[in-house]
1. Give me ILE213, ILE91 ranked fewest to most by other Cβ atoms within 10 Å of their Cβ, as a rough exposure proxy.
2. Ignoring the sites themselves, what is the longest stretch of the chain with no GluC sites (Glu not before Pro) in a DSSP loop and at most 11 other beta-carbon atoms within 10 Å?
3. What does the charge add up to near LYS75, with Lys and Arg as +1, Asp and Glu as -1, over the other residues with Cβ less than 12 Å from its Cβ?
4. Only Cα pairs within less than 10 Å get springs; with that Gaussian network setup on the chain, which residue of LYS124, LYS232, LYS197 has the largest fluctuation?
5. Once you've got the Cα coordinates, tell me which of LYS43/LYS70; LYS66/LYS232; LYS25/LYS124; LYS39/LYS66; LYS43/LYS66 are over 23 Å apart.
6. Please figure out what share of the DSSP beta bridges in segment 92-244 is antiparallel and state it in percent, rounded to the nearest 5.
7. Starting from the Cα of LYS75, step 7 Å along the direction of its Cβ; do the same at LYS60; then give the gap between the two resulting points in nm.
8. How high is the FRET efficiency between ARG203 and ASN245 when r is their beta carbon distance and R₀ equals 51 Å, given to the nearest 0.05?
Amino acid sequence: MTSDNEDRATAERAGGFLNEYALGKNGDLFDEGTGRLIKAGSKIRMNVHFHANGETIPAKVSIGLKFYPKGVVPKHVVVTQHMGDNDDLDIPAGEDNVRHDGYTILTQPAVVTSFQPHLHNRGKGQCMEAIVPPTMPDGTPITQGAPLARPITLSCIARWEFNWHLVYNYADDVAPILPAGTIIHVTTWHDNSTASKYNPNPRANVGYGQRTIDDMSFSWVSYYYLTDAEYKERVAAKKAAATQNQ
């Protein structure tokens, strides 16, 4: 991560990030007993991206919030943050299958609830995998004589289209339950060739930027942390359910 990304990720983890919307997005879903944390006295600030078209046009932006009933306290705070960022993105003119990788470490056990790729017009595809440190069957970390960490593919999308920023919400029975120290690895591919249908200019070298004619290579990943005891309980319950379904 770059220093800018570290600052952004710190703010997101601290509960400073509320939500995001991009073209064609469906809805973020929250598990029962989870939600965002909005502290008393907070101010909501919006960051809205526009592309200049030479005209003065008014914009109307609204936000709706649904609160738990008074006295009900959600058990877990869901955090959504950038994972896989590359502020030094480099997509040469005319090239296809240009790959970039980014990594984020989960400092505590966590449940991943959704995966939402974020690319621009030259985006082609993205995959997210978890590089999981070795653990005992009950989820206890192995610290001595440990085998190598193992990569697990969590989600992949192909045929990216900028008009559809879809969020892929995991069903409860398949939501990844990951131990502390897991590395989330996001791999992104871009197509800057003439074969790219929505490429505005295949002759341009493209880097990271906020404009649609620039590009990005991260995923919005939503998750909530577990205590060590909760993690072991979730792992045991998932294994028991898998055994019953055999």
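What follows is calculated from the coordinates using simple rules that are stated; it is not laboratory data. The model shown is predicted, which means the values in this text are computed figures rather than measured ones. Cβ sites come from the backbone with ideal geometry, for glycine too, and all protein chains shown count toward neighbours.
1. Ascending number of Cβ neighbours within 10 Å: ILE213, ILE91.
2. Answer - 56-246.
3. Every neighbour counted, the sum reads -3.
4. Looking only at LYS124, LYS232, LYS197, the biggest GNM fluctuation is shown by LYS197.
5. LYS66/LYS232
6. Values: 36 of 37 bridges.
Within segment 92-244, antiparallel bridges account for around 95 percent of the total.
7. 4.1
8. FRET efficiency, ARG203 to ASN245: 0.40.
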